[in-house]
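FYI, it's all coordinate maths here, none of it is from the lab. A quick note: this is a predicted structure, and the numbers were derived from the prediction, not measured. Cβ sites come from the backbone with ideal geometry, for glycine too, and all protein chains shown count toward neighbours.
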Amino acid sequence: MIKSILVINGLVKKGGNTDFLLRQFLNCGDFQIKEIVLRDAKITHCTNCEYCLKHNGKCCFDDDMKVIFDYSNSCDYLAIASPIVFGNTSGYISNAVSRFQSAYRYSNSSSLPKVGKPKKAVIILTGGGSGGKSAMAEKTTRLFAKMLNAKSIEFITSYNTDKIESKDDAAAMDKINIMQKEWINT
Ligand SMILES: Cc1cc2nc3c(=O)[nH]c(=O)nc-3n(C[C@H](O)[C@H](O)[C@H](O)COP(=O)(O)O)c2cc1C
């Protein structure tokens, strides 16, 4: 049976470094791919209206977040991609991640909600300018993956795009190859 990947694409610019690495990674064989480009999706930020508390955890917004949750129930793998923007992920990722609030608040538990079936995740981050890694972006995307029930999470990073474009980043390309082989062989 063909395995499936849920792709959450938090790019800001189409055809940029983040998009390039994501395309390279996804070009890895016979997977069914369901990609949500957050920039083009209709996803509203949580407004803390507390509708979910009175409606069994149901969010008041009926938008593309539903597609993410639905697909998370059936997909085998998860890929999340984002550029670093002022030390964190793109706003598109922050918007979407806020929507786990309904599951979190309604569960009445301090542990993270886990939406969907257990899966493996890859997170792709690119940054340049201030240089170095972004602990916050790693934390936010890791949280996103965990709440979509990722049991293992690997990072593919390219953090000096001001000096080396991701397409010329040998370490990032090596990691892509390693992760592609792992996913194809499991
Ligand atoms: C608004 C904005 C803010 C940014 N903030 C950071 C930052 O805080 N740290 C960093 O390393 N790079 C930062 N960058 C650089 C981008 O993360 C970097 O160029 C990235 O590779 C862009 O990805 P893209 O080509 O897919 O758009 C910023 C870029 C923009 C446009």
Which residues in segment 99-129 have a backbone N closer than 18 Å to a point placed 7 Å from the Cα of Ile33 along the Cα-to-Cβ line?
120-126
Output ordering of 154-161, 54-61, 71-78, 118-125 (per-residue mean of other Cβ within 10 Å, highest first) is 118-125, 154-161, 71-78, 54-61
Report D for segment 97-159 in µm² per second (integer): Stokes-Einstein, Kirkwood Rh on Cα pairs, 37 °C, 0.692 mPa s.
256 µm²/s
How far, in degrees from 0 to 90, does helix 135-147 lean away from the longest principal axis of the Cα atoms of the chain, to the nearest 10?
50 degrees
Using 5 Å bins from zero, what percent of all Cα-Cα pairs in the chain falls into each bin?
1, 8, 17, 21, 20, 15, 9, 5, 2, 0, 0
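Taking each pair of different alpha-carbon atoms in segment 1-74 once, compute 1/r for the pair, average those values, and report the inverse of that mean as the Kirkwood hydrodynamic radius in Å to one decimal.
On the way: mean 1/r = 0.0696 Å⁻¹.
Final number for the Kirkwood radius of segment 1-74 is 14.4 Å.
Roughly what % of DSSP beta bridges within the chain run antiparallel, to the nearest 5? Please report the intermediate quantities before stating the final value.
Numbers: 1 of 28 bridges.
Percentage antiparallel, nearest 5: 5.
Relative contact order of segment 13-87, please, whole-number percent, based on alpha carbon pairs below 8 angstrom and at least 6 residues apart.
Numbers: 24 pairs, mean separation 28.6, N = 75.
For segment 13-87, the relative contact order is 38 percent.
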Tilt of helix 170-184 relative to the longest C-alpha principal axis of the chain, in degrees (0 to 90, nearest 10)?
60 degrees
So which residue, out of Leu22, Leu38, Leu112, gets the largest mean-square fluctuation from a GNM of the chain using Cα contacts under 10 Å as springs?
Leu112
Taking 0.36 nm per residue of sequence separation and subtracting the Cα-Cα distance, how much length would be gained by fully extending the chain between Leu143 and Ile2, in nm to one decimal?
48.1 nm
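Summing +1 for each Lys or Arg and -1 for each Asp or Glu, what net charge is found among the other residues whose Cβ lies under 11 Å from the Cβ of Cys52? All intermediate terms of the calculation are to be shown ahead of the outcome.
Numbers: positive: Lys54, Lys58, Arg99, Arg105; negative: Glu50.
Taking every other residue near Cys52 into account, the sum is +3.
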Could you list, in their original order, any pairs among Lys139/Lys167; Lys133/Lys163; Lys34/Lys66; Lys66/Lys146; Lys3/Lys114 whose Cα atoms are separated by more than 22 Å?
Lys139/Lys167
Computed [θ] at 222 nm, helices only, for the chain once each DSSP H run of length n ≥ 4 contributes -39500 (n - 2.57)
-10000 deg cm²/dmol
For Ile184 and Asp40 in the same chain, what is the full-extension length gain: residue separation times 0.36 nm, less their Cα-Cα distance, in nm?
48.9 nm
